[in-house]
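**Q** Quick one: the structure is below, and I'll ask about it shortly.
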Amino acid sequence: MIFFDQQRMVFHLQGPSYSYVLGVRDGVLLHLYWGKKIPVENPWPLMAFQGDAASFDLAFSRLPLEVPTQERGYFGGRALGIINSQGDDVVSLRYQDCRIFSGKRPLSGLPASYAEREEDARTLEIDMKDQLTGACITLSYTVFRDADVLARSMYILNEGDDPLLLSDVQAAARLPLDDYEIIHLKGAWARERHVKRIPMAQATFTISSRRGASGHENNPFLALVKPHTTEDQGDVYAMTHVYSGSFSASVDVGIDGAPLMMMGLCPDVFRWKLAPGEGFQGPEALLCFAPDGLNGLSHRMHPFIRRHICRGQWRDQPRPILINNWEGTYFDFNADKLVAIAEQGARIGCELFVMDDGWFGKRNDDRSSLGDWVVNEEKLPGGLKALGERITALGMRFGIWVEPEMISPDSDLYRAHPDWCLHVEGRDRTPARNQLILDMSRKDVQDYVIGAICGVLRDGPISYVKWDMNRNMAEGFSPLLPPERRMETQHRYMLGLYRVLEEITSSFPHVLFESCSGGGGRFDCGMLHYMPQTWTSDDTDASERIHIQYGTSLIYPCSAMGAHVSAVPNHQTGRITPFLTRCNVAMGGNFGFELDLTKLTEQELAWAKEAVENVKKYRHTMQQGVYTRLIAPAPGKGRAAWQFQDEKRVIVCVYQDRSFPNAQPWRLRLSGLEEDAVYEDQAHHIRCSGGALMEMGIPMPAPWQDFESWVYCFEKV
Ligand code: GLA
């Protein structure tokens with residue numbers, strides 16, 4: 001899996017279907033290849049460098065540098081930026097040493113991919129050094145036996161006598177010279193992760209977040225694809241970040257026209273002082289090459305995230321069907337009202353009742369009490385214990401909402417510790433949703449949050465937590481840090497948060513944690529390392545959700561996406577969609593309800609019950625199986641379809657957006673089936689070969705009304 005030709009100084013990293021090749025020339029680490037798997041042999045004869053290849057002279061801008069820095073005429077994007085004590089930022093990294101070993105080391109203080117058994121992964125570490133400043137870096141590359149994903153990170157150590165200032169820490173990956181299109185996931189609150197595809201230009205393209213969270217607006221994901229790439233064919237090069245804070249991802253097209261793809265910390269909001277002897281661990285980036293289209297990318301990333309990013313008892317467990325009261329009651333509830341909803345939930349087979357915002361302090365709206373994690377006994381007499389016992393007596397699990405990183409100015413916590421929030425002395429503290437952000441870079445604040453939330457979790461029979469974070473950083477600074485370290489705040493916040501998450505999630509291993517950030521504002525592999533699922537979006541409108549879940553599915557597995565059935569007219573769009581379609585869309589993720597079940601008609605309750613029964617029957621396939629997009633919900637096309645598949649069955653979901661006159665019956669072709677195997681959907685009286693389902697397709701009726709949907713379940717006979 002990792003081959004090292006010591007004589008020629010070539011490293012060849014191989015996954016099941018990709019190769020990534022590096023070489024050392026004159027001490028400079030060069031990128032030689034990334035793409036489809038190639039035989040292990042000396043690739044140097046194929047490498048032609050313009051300029052003086054022997055000494056490189058000023059030709060650094062023509063070299064495929066693996067860690068591009070400011071040196072010897074290199075003018076492109078930088079993987080590493082260091083300002084030294086002389087005030088310049090020249091960094092000349094030269095090869096020192098390497099190690100190859102089985103397994104993968106954890107990244108100190110940061111989430112990262114992992115291999116359960118040593119023999120499932122191999123790691124290459126390469127040391128390089130800048131002699132003048134003493135800046136040393138260790139690059140880490142891990143290949144996995146069962147996955148076409150390469151995990152990369154960089155550790156920087158100051159072995160010099162003077163301090164260094166880090167300004168850029170990025171993973172840079174070169175692609176073969178070719179035409180490409182860029183795919184990224186763009187959004188906003190309630191409109192997260194819509195797929196955008198644009199031609200690559202002779203320019204630098206950057207998406208980023210400076211918000212202190214990966215954010216609603218841009219997801220830490222970039223892909224470059226050959227122009228005619230579809231869901232099922234074409235080369236895809238993708239990168240994502242195992243990090244939940246501000247980031248930058250870019251494509252920098254060099255003078256030869258070949259792109260350099262980069263992913264790392266956002267240089268606008270990051271500086272880090274490295275005193276002599278100090279080290280800095282950069283976040284991990286994941287690289288994935290798929291030679292078989294966007295579904296090929298998803299087929300590689302989904303199992304990787306499920307098995308090498310997500311952790312804990314719930315990782316492989318069927319996710320409980322939940323009923324959450326947020327859109328049903330907002331802040332207006334008491335114990336009896338919640339229990340009435342839970343009782344209906346139990347009647348239709350729900351397994352978990354989640355009490356959302358408003359159960360603590362004096363929180364009857366969003367203007368107070370964040371930080372005061374003490375139950376409001378007026379609403380919930382007897383506290384979490386009494387309510388939890390009433391819920392569990394119904395045969396359901398009990399879960400709660402928390403937003404531990406926040407502080408309301410109107411809270412006992414703020415009155416006691418007005419300095420505990422991120423702020424800039426002498427400037428206003430900009431509220432958002434009436435709240436400020438706790439300074440998680442401070443150890444005392446971290447300890448408070450750990451103590452408060454662990455206390456809450458011990459207070460009642462709680463087996464699920466929705467961990468929310470509803471605003472981004474305005475004055476994102478910690479006054480506790482000396483001025484020359486203030487720009488470290490955002491990253492220190494993330495390290496503090498990760499420490500808190502590690503402590504809390506490992507103390508309550510039986511609890512299922514779901515992360516949330518105003519919906520899907522922090523949907524990334526960093527959070528998924530601590531919490532195996534994320535609330536996909538505050539937009540629960542079925543029609544909108546198809547776009548959001550479709551985009552999210554490019555890299556994130558369906559088992560990571562929360563998806564709920566809500567009331568109509570929808571609270572975010574005012575749209576009315578059929579109850580069954582709302583169920584069929586929510587089936588595309590971790591299924592739940594988010595409405596007042598006591599207000600459903602008997603007919604709707606019957607449909608809800610049937611949907612719950614179906615999800616229970618099929619969730620193994622949907623949460624652990626292979627997910628394939630069949631039809632993209634492109635504007636104007638009017639329909640979308642996706643498919644879930646495991647060894648035993650294939651589930652196909654088809655959605656019509658608005659109907660149109662003179663519509664005709666059509667056919668939906670399935671994908672990835674066994675040609676000669678026979679598949680049967682008893683409910684639709686279809687029994688035929690996989691080949692026929694893939695080539696002829698299922699006959700679909702002409703759409704007759706807006707937002708119709710169909711679900712087919714084929715068992716392999
Ligand atoms: C955020 C979440 C919602 C809900 C509210 C509660 O907006 O995304 O699901 O929990 O907070 O205030």
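**Q** For region 680-717, how many residues meet the condition of being assigned to a strand (DSSP E or B) and in contact with a helix residue (DSSP H, G or I) (Cβ under 6 Å, 6 or more places away or on another chain)? Quick ask: steps written out before the conclusion?
**A** Here is the first cut: in region 680-717, the residues assigned to a strand (DSSP E or B) are 680-681, 686-689, 698-700, 709-716.
Next, only the ones that are in contact with a helix residue (DSSP H, G or I) (Cβ under 6 Å, 6 or more places away or on another chain) stay: 709, 711.
Qualifying residue count, region 680-717: 2.
**Q** Go through region 479-578 and tell me which helices (runs of 4 or more DSSP H), entirely inside it, have 2 or more residues that are open to solvent by 10 Å² or more (accessible area, probe 1.4 Å) and touching a helix residue (DSSP H, G or I) at 6+ places or on another chain (Cβ under 6 Å). Before you say what the answer is, go through the steps one by one.
**A** Numbers: elements: 489-507, 525-530, 542-552.
Here the list reads 489-507, 525-530.
**Q** Could you grab me the full set of residues in region 172-215 that are out of contact with any Phe, Trp or Tyr (no Cβ under 7 Å at 6 or more places or on another chain) and within 12 Å of residue 252 (Cβ to Cβ)?
**A** If the condition is that a residue be out of contact with any Phe, Trp or Tyr (no Cβ under 7 Å at 6 or more places or on another chain) and within 12 Å of residue 252 (Cβ to Cβ), then 172, 201, 202, 203, 204, 205, 206 are the ones that fit.
**Q** So residue 342 clears everything in (1) outside any strand (DSSP E or B); (2) within 16 Å of the ligand (Cβ to nearest atom); (3) buried (at least 24 other Cβ atoms within 10 Å of the Cβ) except one condition, right? Which one?
**A** Of everything listed in (1) outside any strand (DSSP E or B); (2) within 16 Å of the ligand (Cβ to nearest atom); (3) buried (at least 24 other Cβ atoms within 10 Å of the Cβ), residue 342 misses just condition (2).
**Q** Can I ask one more? Out of everything in region 32-76 that is hydroxyl-bearing (Ser, Thr, Tyr) and outside any loop (DSSP other than H, G, I, E, B), what residue ends up being modelled with the highest pLDDT? Lay out the reasoning, then the answer.
**A** Here is the first cut: in region 32-76, the residues hydroxyl-bearing (Ser, Thr, Tyr) are 33, 55, 61, 69, 74.
Subset that is outside any loop (DSSP other than H, G, I, E, B): 33, 61.
Working: 33: 95, 61: 81.
Ranking the candidates gives 33 first.
**Q** Also, I was wondering about something else. Can you pull out the residues in region 701-712 that are surrounded by 12 or more Cβ atoms within 10 Å (Cβ to Cβ) and among the hydrophobic types (A, V, I, L, M, F, W, C)? Give the derivation first.
**A** Here is the first cut: in region 701-712, the residues surrounded by 12 or more Cβ atoms within 10 Å (Cβ to Cβ) are 701-703, 706-712.
Those that are surrounded by 12 or more Cβ atoms within 10 Å (Cβ to Cβ) and among the hydrophobic types (A, V, I, L, M, F, W, C): 702, 707, 710, 711.
**Q** Check 452, 474 and return the single one that is more than 16 Å from the ligand (Cβ to nearest atom), at negative phi and open to solvent by less than 50 Å² (accessible area, probe 1.4 Å).
**A** On the way: 474 fails: open to solvent by less than 50 Å² (accessible area, probe 1.4 Å).
Exactly one residue qualifies, and that residue is 452.
**Q** Still on this model: Find the residue count for region 478-516, including only residues that are within 20 Å of residue 109 (Cβ to Cβ), more than 16 Å from the ligand (Cβ to nearest atom) and among the hydrophobic types (A, V, I, L, M, F, W, C).
**A** The first filter runs over region 478-516 and keeps only residues within 20 Å of residue 109 (Cβ to Cβ), leaving 478, 480-481, 485-507, 513, 515.
Filter again for more than 16 Å from the ligand (Cβ to nearest atom), leaving 478, 480-481, 485-507.
Now restrict to residues that are among the hydrophobic types (A, V, I, L, M, F, W, C): 480-481, 487, 494-495, 497, 500-501, 504.
Going through region 478-516 one residue at a time, the tally reaches 9.
**Q** On to the next question. Could you grab me the full set of residues in region 218-265 that are of a type in the set (A, V, I, L, M), under 24 Å from residue 189 (Cα atoms) and part of a loop (DSSP other than H, G, I, E, B)?
**A** Hits for region 218-265: nothing passes.
**Q** Ok, one more. When residues of region 253-293 are filtered for being modelled with pLDDT of 95 or more, acidic (Asp, Glu) and surrounded by fewer than 20 Cβ atoms within 10 Å (Cβ to Cβ), how many remain?
**A** Total meeting the criteria: 3.
**Q** If you don't mind, there's one more thing I want to ask. Would you be able to tell me the number of residues in region 89-110 that are assigned to a loop (DSSP other than H, G, I, E, B) and either within 18 Å of residue 137 (Cβ to Cβ) or under 23 Å from the mean Cα position of the chain (by Cα) (or both)?
**A** Of all residues in region 89-110, those assigned to a loop (DSSP other than H, G, I, E, B) come to 89-93, 103-110.
The next check asks that each one be either within 18 Å of residue 137 (Cβ to Cβ) or under 23 Å from the mean Cα position of the chain (by Cα) (or both); those that pass are 89-93, 104-110.
Here the count works out to 12.
**Q** Within region 580-635, how many residues are crowded, with 23+ Cβ neighbours inside 10 Å and touching a Leu at 6+ places or on another chain (Cβ under 7 Å)?
**A** The qualifying residues number 2.
**Q** Do we find a residue being closer than 21 Å to residue 110 by Cα and surrounded by 24 or more Cβ atoms within 10 Å (Cβ to Cβ) anywhere in region 318-331? Walk me through it before giving the result.
**A** The first filter runs over region 318-331 and keeps only residues closer than 21 Å to residue 110 by Cα, leaving none.
No, region 318-331 contains no residue that is closer than 21 Å to residue 110 by Cα and surrounded by 24 or more Cβ atoms within 10 Å (Cβ to Cβ).
**Q** Out of everything in region 668-700 that is surrounded by 13 or more Cβ atoms within 10 Å (Cβ to Cβ) and out of contact with any strand residue (DSSP E or B) (no Cβ under 8 Å at 6 or more places or on another chain), what residue ends up being farthest from residue 626 (Cα to Cα)?
**A** 692
**Q** Starting from residues that are more than 19 Å from residue 286 (Cβ to Cβ) and assigned to a loop (DSSP other than H, G, I, E, B), keep the ones in region 78-88 and report whichever is farthest from the chain's Cα centre (by Cα).
**A** It comes out as 86.
**Q** Which residue, of 467, 401, is surrounded by fewer than 23 Cβ atoms within 10 Å (Cβ to Cβ), within 16 Å of the ligand (Cβ to nearest atom), at pLDDT 95 or above and under 30 Å from residue 346 (Cα atoms)? Full working, then the answer.
**A** Details: 467 fails: surrounded by fewer than 23 Cβ atoms within 10 Å (Cβ to Cβ).
Within the list 467, 401, the selection yields 401.
**Q** Within region 410-428, can one find any residue that is small (Gly, Ala, Ser), part of a loop (DSSP other than H, G, I, E, B), within 17 Å of residue 496 (Cβ to Cβ) and open to solvent by 20 Å² or more (accessible area, probe 1.4 Å)? First the steps, then the outcome.
**A** Residues of region 410-428 small (Gly, Ala, Ser): 411, 416, 426.
Keeping just the survivors that are part of a loop (DSSP other than H, G, I, E, B) gives 411, 426.
Checking which are within 17 Å of residue 496 (Cβ to Cβ) leaves us with none.
Within region 410-428 (the criterion being small (Gly, Ala, Ser), part of a loop (DSSP other than H, G, I, E, B), within 17 Å of residue 496 (Cβ to Cβ) and open to solvent by 20 Å² or more (accessible area, probe 1.4 Å)), the answer is no, since none of the residues qualifies.
**Q** Please work out if residue 388 is open to solvent by less than 10 Å² (accessible area, probe 1.4 Å), in a helix (DSSP H, G or I) and not hydroxyl-bearing (Ser, Thr, Tyr).
**A** yes
**Q** While we're here: Are there any pairs, at least 6 apart or on different chains, whose C-beta atoms fall under 9 Å, with the first in region 373-385 and within 13 Å of residue 333 (Cα to Cα) and the second among the polar types (S, T, N, Q), and if so, which?
**A** Between residues of region 373-385 that are within 13 Å of residue 333 (Cα to Cα) and residues that are among the polar types (S, T, N, Q), the close pairs are 376/364; 376/369; 378/334; 379/334; 379/364; 380/334; 381/334.
**Q** Please enumerate the residues belonging to region 345-363 that are within 12 Å of the ligand (Cβ to nearest atom), part of a loop (DSSP other than H, G, I, E, B) and not basic (Lys, Arg). Write out each step before concluding.
**A** We begin by selecting, within region 345-363, every residue within 12 Å of the ligand (Cβ to nearest atom); these are 354-360, 363.
Checking which are part of a loop (DSSP other than H, G, I, E, B) leaves us with 356-359, 363.
356, 357, 358, 359 - these are the residues of region 345-363 that are within 12 Å of the ligand (Cβ to nearest atom), part of a loop (DSSP other than H, G, I, E, B) and not basic (Lys, Arg).
**Q** Does region 202-219 include one or more residues that are assigned by TED's automatic domain parsing to the domain that holds residue 76, buried (at least 18 other Cβ atoms within 10 Å of the Cβ) and within 22 Å of residue 36 (Cβ to Cβ)?
**A** No, there is no match, as no residue in region 202-219 is assigned by TED's automatic domain parsing to the domain that holds residue 76, buried (at least 18 other Cβ atoms within 10 Å of the Cβ) and within 22 Å of residue 36 (Cβ to Cβ).
**Q** Also: State the number of residues belonging to region 364-375 that are open to solvent by 10 Å² or more (accessible area, probe 1.4 Å), touching a helix residue (DSSP H, G or I) at 6+ places or on another chain (Cβ under 9 Å) and either within 16 Å of the ligand (Cβ to nearest atom) or among the acidic types (Asp, Glu) (or both).
**A** The total comes to 2.
The values are calculated or read from the model by the stated rules, or taken from the named source; none is laboratory data. Source: prediction; values computed, not measured. As a convention, Cβ positions derive from the backbone with ideal geometry for all residues, glycine included, and neighbour counts pool all protein chains shown. Quick note on the areas: whole protein, heavy atoms, side chains included, nothing else; ligands and nucleic acids left out. Shrake-Rupley method; radii C 1.70, N 1.55, O 1.52, S 1.80 Å.
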